[in-house]
Each structure stands twice: as C-alpha cells, then as structure tokens.
Amino acid sequence: MPESGPTAPIPPAPGPQAELEALLASRAALILIQSRDENRVLELVRSASLRVHRPRGWGVFQWRVTEGLSRMDVELGGPQRHLADPGELLKHLKVTPVAGIYVLLDFHPYLSDPVNVRLLKDIVLGYAQVARTVVLVSHALALPPELAHLAAELQIALPSLQERRSIVDTVIGEWNSLRPGSAPTPSQLPPRRVQVDPKALEMLLENLRGVSAADCERLARQAIFNDGALTAADLPSVFEAKQRMLTRNGVLSYEHDTTRFAELGGMRRLRDWLLARREAWSGDAPFDPPKGVLLLGVQGCGKSLAAKAVAGVFGVPLLRLDASALYSKWHGESERNLRESLEAAEALAPCVVWVDEIEKAMAAGEGDDGTSRRVLGHFLTWLAEPRERIFVVATANDITALPPELVRKGRFDEIFFVDLPAAAARAEIILIHLRKRGIRVSREELAQLVEASAGFTGAEIEQAVVAAQYGAHARREPVTAALIAREIGITRPLSVVMAEQVGALRDWARERTVAAD
C-alpha cells in the first residue's frame, strides 16, 4: 500500500515545476521569474509550494500594488490592503516571523528606490532566521547589482507540443459543453460538437509554437469558436493574430510587401548565391542550412529591396528588426527588447529577419553603461547558436561603425557589396521604373539615359523618373526620355556630393567583400 501523509515521498514534477521545487528545497531566498503569462506562473508557484512547503506548514502569499498582501494557498479572509505600499510591504516582510513564499507581482518599478533595495537585501540575508522566499514575477526584471548575486532565475519554457495539444483539447471541450442557444455563433449555425480536421489540428498545433499558454488558449479559441469547427480555413487568421502578438513591442515588425529579384536591377551574383542555397535552407539537403548575409553598400543602391527579395526567394515571411526602437533609457530594457524580438522571430520561423542599418544597433557606444556591448554580445551568441530556420539579412551603410567581431567570417555566410549600378544594371533599373509607370522609350533613348545616369544609385534614377512625371503633368504633356534626361542632368548624385566617403567605401569593399552584381 502506498505511503500517505506528510512523510510520503513525492515524485518529481516535470519541467519548470521541478526546477522551482529544487530552488525552494535548496533554501533559495530570492527567485526571479520573467514571464508575461502571470496566471501560469502563479499556478506553478502554488503547485510547487504544495509539494515542497506544505509538510512544513509554510504559507504562500501574493502581493499586488492594487490589493496588498493575501494568501494563495488557503482561504483566509481578504487581502491586507494596508500593505499595498511597496515600502510598507518590505518593512513587514523584514520583521514578520511567518515563514513562507512571498510572490511579488510587477515589483520591478520599485527596485529603483535604494531604500527598497536595502530592505529586500535584508530580507534575503535574513533567511537563516526566518525562512522567507521572495519570488519576483514580471514581464521585465533587471535587478540592481546589490541584489543580482543573491538571486536565482527560473526560465519558464513556452508550452510544449503536448501542452499545446492539451490546451486545444480544453478549448474544444469548452465548446462541446455549451448549452443549446448559448454558443456565440450565428443563429444559422446551431451549437454542435467541434468538427476537427486532423491535418488542420496538427498545423494549428505547429502554428501555436512559440506563444505563451494564455496566448495559445486565446488563439485556439479564436479558431474554434468562430464556427464550431477546426479546418484549414481557420489557420491564416490564427497566424496573422500570432504575428500581431509577437511583434507588439514595436522592435520587430512584419513586412507584408516582399519582392522578387526580377524587380531589382542587377545583383545577379547575390541572386545566384541564394538560389544555390535555397534547397539547403528548406532542410531538403544533407548539410547545414545557411545562416545569413551582410549587405554593405552605398545608400540608395537597393540593399533594402534586396532584403525583401531574399524573403521572396525563400518564400517565407519577412520580419524587420528596427534598430532605432531597440534601445531604451531604462537599465536592461534594450537587452530585453532584443531577446524578446529574437524569441518572437524563432516562434514565427521559418522566416527572414532583416536587420536594417545594423551599425545603429550593434556599434560600440561610448558612455552607455555597456548597453551596446551587451546587446552586441547577445546578438553574436544568438547568431552562433543552432536555431530554427531563420535567415538573417543585415544591411549596413557604414562598415567602419561595425565591431570586428560582427564582420569576421562565420558570423554571416557572406558579405556582399551593393555598389553603384553598372551600365547593364542601370538599364534594368530604368526599364523597371518605366514599365511600372507605363512610359515607353526607344532603344536609342534608353542607351542615352543609361549613359547620362552613370554614378547614380537606383533610388536616384527612380526619383529622376518621378520628377519627370511631375513636370510632364504640370505641362499637360506625356513623359518623354528627354524630360527624364533633363531631371538626371540637374541632379547631383550621392557619388558626387559625398565623393570622398563613397570612394573610401568602395575602395574598402573591393578586396574584402563579394560584389552583389
């Protein structure tokens, strides 16, 4: 007969609960749990505490600034609202004789107060006198140096395939348990048991990879409660909602418009390089897939369009990492922004991640308390580690601003230089923009435009065509090659205005990079 009572051995729980139980049993006084899935974390703490602390009679408490301190493990009256103030709470914990686990929700804003830091440190150091374990739970946690070495951090893994299946089964059970007339469906669709397409179910479970348990449940409910069925038709809206969830921090955005290399002038060498590796990247070749490329070049020569074309070649979504939105004045926020963005990209894999003007995000800064170095270190580690099918396209205008450890071989598979377009590429660029606008020119006129636009970037050529359109419209006449040539003639291209800088960049790249065209 199995043992029972407080002395009975308790089998270990799987996953993060086992880790939390180990931390509690090892007398950890300060535990950090960084997660947006608060309800899941609270249930985890409650379950772990029952298995580890119940035999010792320790209480489990939670604190919210809106309610104060209350018990989690038993029903014992209402919350102690007089302890809603963070300072009063810490003073209470410092002197209380009640051992237990104290879960503080969203306490991170109050750690900027040195008095609160000192009080929390006193509580942690006083564990031998009163066994109080403080658990800090928030979406963002960065401890001050006085506390960092005293804390243990618990990583909450995202739901596994088995957990996602359980969540979807629960949502299906919710629908099936609805009483007739209570289902949130159109009147012509009476409540019924969920009609599940097995293939759509497996695809849904894969689509739900990389999101929290709460978001997983929300997306599953969106797919099923729409019409009481789970079919392939539900999947696009689920994936779109997932994209919005994972890019809500503003650093990572989903680029709806990709392009093809046919819409770019030149860059044949880059295109051929990508096509040769497309099979390996899709996982259909017996060797490692490519990691990514760094596109260096003169401004306006098509690096951004090339990044969009890479996604078109591989046939996957394009995610843009905004370097300007990455950094924050708050300590630890910049690193968190990058970490969350890369985790979101992994959840949306397979995809192409475009880091535009990477020198703005990864250049070594002066006087920034080491933030740029930590951001760079995290990015380099991520590049080196095995990961989901994510192809990184980084674009840069100023190679001198990039640290050597990012540029060296091995970080990216290749460094391509996007130079000023040669004559053949300029001809392609001119024709692309003329066709887009329904403008016709003869072969002789095209040759004249190509010759006149020597030293122009693709963006400058496009602007000359646009300016000719405006001029023709103002004169109420058609756009002609002569009008375009006139606009080209009055334009001073970047290669002239910034001749020294452009020349130095081209000289640097000549022996160090691979020409994109």
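Rounded, prolate or oblate: which fits segment 266-342 when a ≥ b ≥ c are the square roots of the eigenvalues of the alpha-carbon gyration tensor, with rounded for a/c under 1.5 and prolate only if a/b beats b/c?
Since a/c reaches 1.5 but b/c is at least a/b, the shape of segment 266-342 is classed as oblate.
Need one value: the accessible area of I101 in square angstrom, 1.4 angstrom probe, rounded to the nearest 10.
The accessible area comes out at roughly 0 Å².
Which value, in Å², gives the accessible area per residue of segment 202-290 when a 1.4 Å probe is used on the protein heavy atoms?
50 Å²
Can you tell me the length gained on complete extension of the stretch Q162 to E174, counting 0.36 nm per residue apart and subtracting the Cα distance?
Roughly 2.5 nm would be gained on extension.
How big is the accessible area of R40 in square angstrom, nearest 10, if you roll a 1.4 angstrom probe over the protein chains?
Accessible area, nearest 10 Å²: 60 Å².
Whenever you get a sec, compute what percent of the accessible area on the chain sits on carbon and sulfur atoms (1.4 Å probe).
After summing per-atom areas, the C and S share lands at 52 percent.
At 0.36 nm per residue, and after removing the present C-alpha to C-alpha distance, how many nm does the segment from R118 to T400 gain when stretched out fully?
My answer for the length gained is 97.1 nm.
Mind giving me the nanometre distance, one decimal, between the label points for D288 and D197, set 7 Å out from Cα along Cα→Cβ?
Result: 3.9 nm between the two label points.
Can you send over the solvent-accessible area of M72, 1.4 Å probe, protein chains only, in Å² to the nearest 10?
Rounded to the nearest 10, the figure is 20 Å².
Could you tell me what a quarter of the Cα convex hull surface of the chain works out to, in nm² with one decimal place?
Here the figure is 34.9 nm², rounded to one decimal.
Give the separation of the Cα centroids, segment 210-286 to segment 394-426, in Å.
Each part reduced to its Cα centre gives a spacing of 26 Å.
Mind putting a number on the dipole of the chain about its Cα centre? Charges go on the C-beta only, +1 for Lys and Arg and -1 for Asp and Glu, and I need it in Debye to the nearest 20.
Value, rounded to 20: 480 debye.
If R₀ is 30 angstrom, what is the calculated FRET efficiency for the pair E511 and E388, using the beta carbon separation as r and rounding to 0.05?
0.30
Pull out a ≥ b ≥ c, the square roots of the eigenvalues of the alpha-carbon gyration tensor of segment 98-181, then state rounded if a/c is under 1.5, prolate if not and a/b is larger than b/c, and oblate in the remaining case.
Cα axes put segment 98-181 in the prolate bin.
Treat each spin label as a single point 7 Å out from the Cα along the C-beta direction, and report the L150 to E206 distance in nm.
In this crude label model, L150 to E206 measures out at 4.9 nm.
Extending each Cα 7 Å along its Cβ direction at N39 and V130, get the distance between those two points in nm, one decimal.
Label at N39, label at V130, 3.3 nm between them.
The values are calculated or read from the model by the stated rules, or taken from the named source; none is laboratory data. Since the model is a prediction, treat every value here as computed from it, not as a measurement. Cβ coordinates were reconstructed from backbone atoms using ideal geometry, including for glycine residues, and neighbour counts include every protein chain displayed. To get the accessible areas, we keep the full protein, side chains included, count just its heavy atoms, and leave off ligands, DNA and RNA. Shrake-Rupley method; radii C 1.70, N 1.55, O 1.52, S 1.80 Å.
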